[in-house]
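Just so it is clear, none of the values below were taken in a lab; they were calculated from the coordinates. Predicted, not measured: the structure shown is a model, and the values here were computed from it. In this analysis, Cβ positions are derived from the backbone assuming ideal geometry, glycine residues included, and neighbour counts consider all displayed protein chains.
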Amino acid sequence: MSKPTPQKAERKLSLSVQYASNASDLPTRAQFRRWFKAALLGDVSLTLRIVDAEEGRTLNKSYRGKDYATNVLTFVYEDNPVSGDVVICAPVVAKEANEQNKNLLAHYAHMSIHSALHLQGYDHEVESEAEEMEALETSIMLKLRYANPYQS
């Protein structure tokens, strides 16, 4: 899949949010919408599901062969226009934010932006691609008035 380039025209976001977590400090749909929209490089249709550790672990094991809950999973179904699913595991995001001394909402913003970029063809398996993706994530976070997520 080729990466889209930033456009000046209004980008369309179709977002469905499913709350399947018992966490009490979850961002609102409006917050998620703002974060995903900030990372759009083209039109995107996605379903976001916020899950607890058990579902996160099951999905990570089923789709990646890794037997633990991870912070975010991104599933791309079409690339023109972009459509897919994003799964964010609430307890993992909260634990990471706490361990890294990050604001919880800022960490959710970062995970949303990170997954939005994955949906649009960005990856971090190769160092040069990781640097490009991290620079873009940082730029978007700073525009949203959050700290650089890669600085401690």
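Using each residue's phi in the range 69-83, evaluate 6.51 cos²θ - 1.76 cosθ + 1.60 at θ = phi - 60° and report the 3J(HN,Hα) Karplus result to the nearest Hz, with x for Gly and Pro.
Computed from phi, the couplings for the range 69-83 are 7, 10, 5, 8, 10, 10, 10, 9, 10, 9, 10, 8, x, 5, 9 Hz.
Using θ = phi - 60° and the Karplus relation 6.51 cos²θ - 1.76 cosθ + 1.60, list the HN-Hα couplings for the range 36-50 in order, rounded to whole Hz, with x at every Gly or Pro.
Values, residue by residue: 5, 4, 5, 9, 6, 10, x, 6, 9, 10, 8, 10, 10, 10, 9 Hz.
At q = 0.29 Å⁻¹, what is the base-10 log of I(q)/I(0) for the range 94-146 according to the Debye formula with one equal point scatterer per Cα and no solvent? Please give it to two decimals.
-1.10
Taking DSSP loops as anything outside H, G, I, E and B, show the longest stretch in the chain free of chymotrypsin sites (Phe, Trp or Tyr not before Pro) there with at most 13 other beta carbons within 10 Å.
Longest gap between qualifying sites, sites excluded: 69-149.
Would you calculate the separation in nanometres between label points at SER14 and THR47, each defined as 7 Å from the Cα along the Cα-to-beta-carbon direction?
In this crude spin-label approximation the distance works out to 1.2 nm.
Would you order HIS110, HIS118 from fewest to most other beta-carbon atoms within 10 Å of each residue's own beta-carbon?
HIS118, HIS110
In what order do SER115, SER62 fall by count of nearby beta-carbon atoms within 10 Å, going from fewest to most?
So the ranking, lowest neighbour count to highest, is SER62, SER115.
Once you have the Kirkwood Rh of the chain from its Cα pairs, apply Stokes-Einstein at 4 °C and 1.567 mPa s and quote D in µm²/s.
83 µm²/s
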